[in-house]
Amino acid sequence: MADSLPDPNGIDPATAAPAMVPADGESGRPRLAFDLDVDVCVIGAGLAGLTAAREIARGGMSVAVLEGRSVGWSASGHTLGSVMPGYALAPADLIERVGFDQARALWALAQEGADYVRATATSDAAAALTEGALEVSTVDAGDRIIGRLQTLSEDFATDVEGWQTERVRATLKSERYFHAIHYPKAFQIDGRRYVHRLAALAEEAGARIFEDTPVVGIDPAGIRKRVVTPSARLRCGHVVMAGNVHLGEPGRRLASTLLPVWRYVAVTAPLGERLAETIAFPGAVTDSDGIDQFRVVEGDRLMWSGPETVWQGDPARHAKRIRRRIATVFPQLAPVEIAEAWSGVFGQTVHAMPQIGEVQPGVWVLGGFGRQGLATTATGGLLVARGIVHGDRNWRQFAPFELVWAGGTAGRIAGQAADAWSRGQAATLGALARLRERARNREQAREATRTARIAAARTRAADR
Ligand SMILES: Cc1cc2nc3c(=O)[nH]c(=O)nc-3n(C[C@H](O)[C@H](O)[C@H](O)COP(=O)(O)OP(=O)(O)OC[C@H]3O[C@@H](n4cnc5c(N)ncnc54)[C@H](O)[C@@H]3O)c2cc1C
């Protein structure tokens with residue numbers, strides 16, 4: 001890839017690639033080496049750009065996707081594959097922000113995205129889906145869970161089920177977890193397989209994908225936009241900026257609205273029988289603090305994700321943190337051996353919602369999908385495609401979530417501090433909840449002994 005892709009987020013493109021990425025051009029897709037005229041140019045072959053490209057091509061327009069590295073090079077090729085309903089923004093916060101009716105409409109759009117991912121993933125005969133997800137509480141907060149269950153099921157028509165602590169602990173053998181929300185319709189896919197499937201389907205629909213083709217400039221003025229790459233120029237009626245945090249100079253303002261967040265993932269070596277004895281749930285498990293996320297993969301390995309940083313770190317170092325975390329939550333599994341570890345970077349917006357829409361005639365943004373981007377990139381891709389092909393304006397549902405500067409370096413420092421604080425606070429609340437539970441258990445045991453003693457005394461008195 002050309003070194004000329006400057007990055008407003010200070011991400012060094014030479015080293016930012018997560019582990020396990022294919023070498024540039026490995027897929028055999030060409031670099032754009034000749035001038036081209038198309039209806040739509042999509043910048044970025046991640047999940048967002050590929051969904052938009054596929055749907056625009058299906059709508060009969062000519063589309064070129066320009067990708068600086070290779071398909072799925074960044075976040076989209078490194079997900080945990082977990083497809084959850086809704087957005088990273090909590091339902092109650094969404095209602096507070098846009099009102100009940102619009103929150104409901106937005107939620108339905110996210111569900112449409114999840115349905116799209118399911119249909120697309122299962123069109124691949126070899127795709128293996130696992131069903132269901134659990135959101136477990138690290139504090140004994142039954143009331144809060146009931147409130148959330150009501151909002152999700154009654155207001156947002158989402159299939160959810162409340163699990164009592166006993167059921168949670170029978171399924172996940174950890175004293176750290178209390179109640180849970182079960183999402184039976186959430187599912188998991190092989191994320192890496194999915195992004196390549198999407199690229200193949202986009203090409204089948206007629207989109208042309210060029211790899212190793214960084215966009216270094218855009219002239220958005222006029223009806224025909226001009227897009228510049230190191231080796232060719234492209235003219236188009238619409239440009240879709242789906243480059244996420246790596247967008248660089250052509251989308252400097254857009255990229256500066258995203259806080260880059262690196263998430264670290266590790267997969268253990270096979271753990272044998274003890275894993276099934278500890279975790280008897282096939283789907284993804286997330287804790288209510290948003291810290292740990294894990295699931296069983298390949299029968300007896302554990303895939304675990306948790307640490308996040310706003311500067312790029314070493315996956316091997318964070319794998320050690322994950323190892324310690326597994327031992328804290330499930331001491332019976334320790335010590336675990338980590339077989340592989342990787343990281344990926346996603347763009348987090350200030351309002352925790354994606355940025356989707358037309359910012360000036362013919363210039364579209366499609367980004368900020370955060371850590372919950374599998375379904376919402378599909379939502380965004382569909383909305384932008386319908387906007388371009390049919391003039392549909394449903395993307396305006398996202399208009400309240402405009403481009404807000406993420407604060408540059410100061411924002412990153414603040415972001416890391418807030419993250420550390422909330423994780424610390426979550427750990428404290430979890431410890432308090434466990435202490436309260438132990439005190440309650442001791443009190444119940446004392447009460448049971450007292451009741452038994454009184455009953456025995458009464459029996460003795462009656463016998464006399
Ligand atoms: C470790 C990890 C695990 C995750 N797990 C999950 C999960 O389980 N479930 C879930 O819902 N979400 C998950 N996410 C979030 C999800 O991966 C992202 O929200 C989503 O992939 C973002 O897709 P995107 O297309 O917007 O961006 P990206 O995947 O970042 O794609 C952008 C592409 O644009 C290209 N590009 C950028 N600038 C230019 C330019 N100037 N010229 C040409 N090309 C350019 C880049 O090379 C890149 O390939 C996870 C994220 C990470 C990091």
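A short reminder: the numbers here are calculations on the coordinates, not readings from a lab. Remember, predicted model here, so these are calculated numbers, not experimental data. Quick reminder, even Gly has a Cβ in these numbers, built from the backbone with ideal geometry, and neighbours come from all protein chains shown.
Both radii were evaluated on the Cα set of the stretch 148-196; the Rg over Rh quotient, with Rh as the Kirkwood radius, amounts to 1.12. Legend: ranking of residues 166, 131 from fewest to most surrounding C-beta atoms inside 10 Å; resulting order 166, 131.
A dipole drawn for the chain from +1 and -1 charges on Cβ atoms has a positive end, and of 191, 170, 399 the residue lying farthest that way is 170. Around the amide H of residue 42, modelled in the peptide plane, lie the amide H atoms of 64, 65, 66, 240, all under 5 Å away and 5 or more residues distant in sequence or on another chain. If the chain linking residue 312 and residue 450 were pulled fully straight, counting 0.36 nm for each residue of separation and taking away their Cα-Cα distance, it would gain 43.9 nm.
Among the chymotrypsin sites (Phe, Trp or Tyr not before Pro) within the stretch 225-312, those in coil by DSSP and having at most 15 neighbouring Cβ atoms inside 10 Å are 311. Rounded to the nearest 10 degrees, what's the angle between the helix 315-329 long axis and the longest principal axis of the chain, both from Cα atoms, 0 to 90? Helix 315-329 sits roughly 20 degrees off the main axis of the chain. Centre-to-centre separation between the Cα atoms of the stretch 182-247 and those of the stretch 264-291: 33 Å.
Note on residue 115 and residue 360: the extension gain reaches 85.2 nm, defined as 0.36 nm multiplied by sequence separation minus the Cα-Cα distance. Which shape class, rounded, prolate or oblate, goes with the stretch 244-394 when its Cα gyration tensor gives a ≥ b ≥ c as root eigenvalues, a/c under 1.5 marks rounded, and past that a/b bigger than b/c marks prolate? Prolate.
Positive end of the dipole of the chain (Cβ unit charges, origin at the Cα centre): among 179, 86, 276, the Cα lying farthest that way belongs to 179. What translational diffusion coefficient, to the nearest whole µm²/s, does the chain have by Stokes-Einstein, given a Kirkwood radius computed over alpha-carbon pairs, a temperature of 25 °C and 0.890 mPa s viscosity? Answer, rounded: 105 µm²/s.
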